[in-house]
Amino acid sequence: MWYWRVLALVLLVFVASPVLATTNRFSLTKNSATLGHDGFFSTMGSQPLYQNEITFNSSFDYSSKPLQLNSSGSHYQGVVDHLLVQRLGVGYAPLDWLQIDIGMPLVLLNQFTQPASPTAQSNQTEVGDLTINGHLRLLPRDQYRVGVSLIPTITVPIGNENHFIADTSVHGGLLVSTDIDITEKLYTAFNFGFSFNEKVNFVDFVRDDQWLMNAGLSYRFTNDFEVISELNSTTALSSPFTSQRNTTLELSAGVRYTFKKSGITAHAGAGVPLVQTVGAPSYRIFAGISYTGSLSKTKQARNKSKVKERDLIDHSQDPREVGRSPLSEPIANAATP
């Protein structure tokens, strides 16, 4: 039964959670690209890859002044002034309802100054932390109009925490993703969950376990081209939204183009913080490309038939279909995922 899948993944997250400790280092490379058929830049959709499908992703993310030190409201030192990260990811679906992702950031540029010696500045090029995600579909959107999935995450520290590109211990988290096709062109998704982190105490910044929240909205001008906006936020698990120092809120916008016959998707966009806090850049710019294909030729026809309805139907050919929302359609008998 599906609830055994849920129980197993929740237990996995708790096993991977860190033993409570305190550190003065944390990672600035936490944002990760989404892998699969749904979702946006950071917000996950509910639909994983179909069985035997595999996807590869490479994206670049530049952040300006992501870590600055302030005293009494005045800036006095930049710790990380420029950060350029290439995010590499691969995802595979052994089953229609289960996808496994592995991601790793490569830090190409880190203009870094040690807080203890503000006159020394250097560029550090190295790897960040390894991230492993599961993607467990509970409710398929193509049958129920609303999709729901669970996304457990484990992060394994392999980077250099002294340069603020890695955490100091293994930690885990869990997201619930839900999404819906509002109309044939308008699609939205929401993520809500938590992460267990090693406690950070850096100058006057304290971070512990966190709530995680993402929301995205896209509008398709054509079956290939869409415009996307996102809100991403984190806040303290024990006292949410009580301190600006422990709350992040970022607005992002961009575009995505899908070359459907080739399985290639490209995206580009930018983001700005709505709440200026430790670890939030003054702005960031990102772009990337991904490829999705099937490892089994016998699965390709079935997988293509499952592509989202809004990608297949050209409503402009039938005036009766113009403006019709998927929500107004009768729902077919659904099978258990």
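Tabulated data
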quantity: Sorted by Cβ neighbour density within 10 Å, fewest at the top, the residues Glu198, Glu184, Glu126; calculated: Glu126, Glu184, Glu198
quantity: Residues Glu126 and Leu95, FRET efficiency given R0 of 35 Å [Cβ-Cβ distance, rounded to 0.05]; calculated: 0.50
quantity: Length gained when the stretch Ser243-Gln276 is fully extended (0.36 nm per residue, less Cα-Cα span); calculated: 10.7 nm
quantity: For Ala266, net neighbour charge (Lys/Arg +1, Asp/Glu -1) across residues whose Cβ lies under 11 Å away; calculated: 0
quantity: For the stretch 146-262, convex hull of alpha carbons as volume per residue, Å³; calculated: 153
quantity: Label-point gap, in nm, between Asp224 and Gln111 - each point 7 angstrom along Cα→Cβ; calculated: 3.8
quantity: Spin-label model distance (nm) - Tyr283 vs Ala266, 7 Å beyond Cα toward Cβ; calculated: 2.2
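We did not get these values from a lab; they are worked out from the coordinates using the rules stated. Predicted model, so just to flag it, every value in this text is computed and none were measured. Glycine also receives a Cβ, built like all others from the backbone with ideal geometry; neighbour counts cover every protein chain displayed.
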